[in-house]
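The values are calculated or read from the model by the stated rules, or taken from the named source; none is laboratory data. The structure presented is a predicted model; accordingly, all values stated were derived computationally and were not measured. Positions of Cβ are backbone-derived with ideal geometry, glycine not excepted, and every protein chain shown enters the neighbour counts.
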Amino acid sequence: MRELFDFENTLEYAKSLDQKDNLSQFRDQFYLPTDKQGNTLIYFCGNSLGLQPRNVKDYVLQELKDWELLGVEGHVHARRPWMPYNELLTESMAKIVGALSEEVVVMNSLTVNLHLMMVSFYQPTEKRHKVLMEYHPFPSDRYAVESQIRFHGFDPQESLIELKPKQGTEYIEFTQIEDVLSTHGDEIAMVLIGNVNYYSGQAYSIKKITELAHNKGCMVGFDLAHGVGNLILNLHDAGPDFAVWCTYKYLNSGPGGMSGVFVHQRYADSSGLPRFNGWWGHNKEIRFQMGPNFKSLPGAEGWQLSNPPILPMAALRASLDLFDQAGMCALREKSERLTRFLEHLLVGEKQDQFRIITPANANERGCQLSIQVKGGDRRLFEKITRMGVIADWREPDVIRVAPVPLYNTFEEVWRFAKILKSCTSD
Ligand SMILES: Cc1ncc(COP(=O)(O)O)c(C=O)c1O
């Protein structure tokens, strides 16, 4: 049963919630997509690609200017020297994921980083070679895991375990994870979970899963693509071995933007782990002596391979500055209310045309709701698109919507619900 809250279903009420919203000023810091007539669209797709912060241009132009004026000298003499540029991102990023600075590095893209982490943390043996993943993992994660399994000479058919929900649901209960680990724990080398599943929107507890898996001697990693900038994460205390994420969703870094990596402090001196090396993971004090012997930087930075790409990092810095100002706690608090309001408008009034497959419990979801509409198909989705909604459709029958606390409003939630309902009552 979904708990009902004391919301009203009127435009005036939605506007009154916006008036009381302490974060409302952040909406003006973003470019909001419009239709051809200039009307602002309802953008509920921050779970796919976050909007462009207005300050991005200045941050990127600054680097272009320094490149124009300084050429190679920019590595050292740019206003923000490029050589240690990645360090400018670390503190804000660590705050967002609840980690120590030394546990976080921004580098590469998400799937690349997932592979790099598996090089270190997926070490299968004859007895212990399996990987446990959540139900319906994002395809790229599955492809990456399967290819790692094959790379080590095993067969994904045998070595990949995917959690399966009870029939007729999309939901994985914690007891199911306990059951799998108690039966197969000794055979599982690594647990890899998308902490918010991209399809159902279910959020898994990082701390509980980590404790459970560590007790069974498994390595544990999380893909935080749909959790970062969305949930309070506390990675250091929760204790997984690694985590990876992209920044182009809730962190608004732009298409194909940078990825982040967390490696727990217990591996700060990583000498015991296998790893692929590159010159940017080498001791920065002596990097330019260009010596033949690799000496790793301590902490997550030691996993770097290449010199940092300044332009996408500049774009990310612009957005992280907004997160520093807003703070994750305030964002999450607003986010819970936005999503609850949406849930209330869709299913809180004895309407049965919508089935929300995302858990009702706020601790088990982020801002996204995944909605199945009775009798609805892709045409319904196309119709709401024509009516000014940017959401997304996932085969076979799910509309995903993500009201984002940095730039979405309660009024938009109300308008969206009205549009969706009007399209289903035709
Ligand atoms: C959960 C998850 N994993 C992996 C990816 C792939 O990311 P990338 O293309 O940046 O490697 C995505 C992209 O949306 C994702 O949502």
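Condition check: part of a helix (DSSP H, G or I), in contact (Cβ under 8 Å) with a residue 60 or more places away in the chain and surrounded by fewer than 22 Cβ atoms within 10 Å (Cβ to Cβ). Does Leu322 satisfy that? Yes: the conditions hold for Leu322.
This table checks each residue for (1) touching a Pro at 6+ places or on another chain (Cβ under 9 Å); (2) among the small types (Gly, Ala, Ser); (3) closer than 19 Å to Leu41 by Cα; (4) part of a helix (DSSP H, G or I).
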residue	(1), (2), (3), (4)
Asn363	no, no, no, yes
Cys367	yes, no, yes, no
Phe381	no, no, yes, yes
Val401	no, no, yes, no
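Trp280 meets the conditions (1) in contact with a Gly (Cβ under 9 Å, 6 or more places away or on another chain); (2) touching a residue at least 24 places away in the same chain (Cβ under 8 Å); (3) more than 15 Å from Ala94 (Cβ to Cβ); (4) hydrophobic (A, V, I, L, M, F, W, C) in every case but one. The failed one is (1). For segment 8-114, the helices (runs of 4 or more DSSP H) that sit wholly inside it and include 2 or more residues that are under 25 Å from Leu346 (Cα atoms) are 11-19. When His236 is tested against (1) assigned to a loop (DSSP other than H, G, I, E, B); (2) more than 16 Å from the ligand (Cβ to nearest atom), just one condition goes unmet, and that condition is (1).
Counting only residues that are assigned to a loop (DSSP other than H, G, I, E, B) and either away from the ligand (no atom under 14 Å from the Cβ) or on the phi > 0 side of the Ramachandran plot (or both), segment 252-278 holds 12 of them. Pairs are defined by a Cβ separation below 9 Å, a sequence spacing of at least 6 or placement on different chains, a first member in segment 135-162 that is in contact (Cβ under 8 Å) with a residue 40 or more places away in the chain and at positive phi, and a second member that is acidic (Asp, Glu) and not in a helix (DSSP H, G or I); the pairs so defined are His136/Glu162; His136/Glu170. Taking every residue in segment 213-231 that is free of Cβ contacts under 8 Å to residues at least 40 places away in the same chain and pairing it with any residue that is within 14 Å of the ligand (Cβ to nearest atom) and of a type in the set (Val, Ile, Thr), at least 6 positions away or on another chain, the pairs with Cβ-Cβ distances below 9 Å are Val220/Ile193; Phe222/Ile193; Phe222/Val244. In segment 252-270 there is at least one residue that is touching a strand residue (DSSP E or B) at 6+ places or on another chain (Cβ under 6 Å), farther than 17 Å from Gln304 by Cα and at pLDDT 95 or above.
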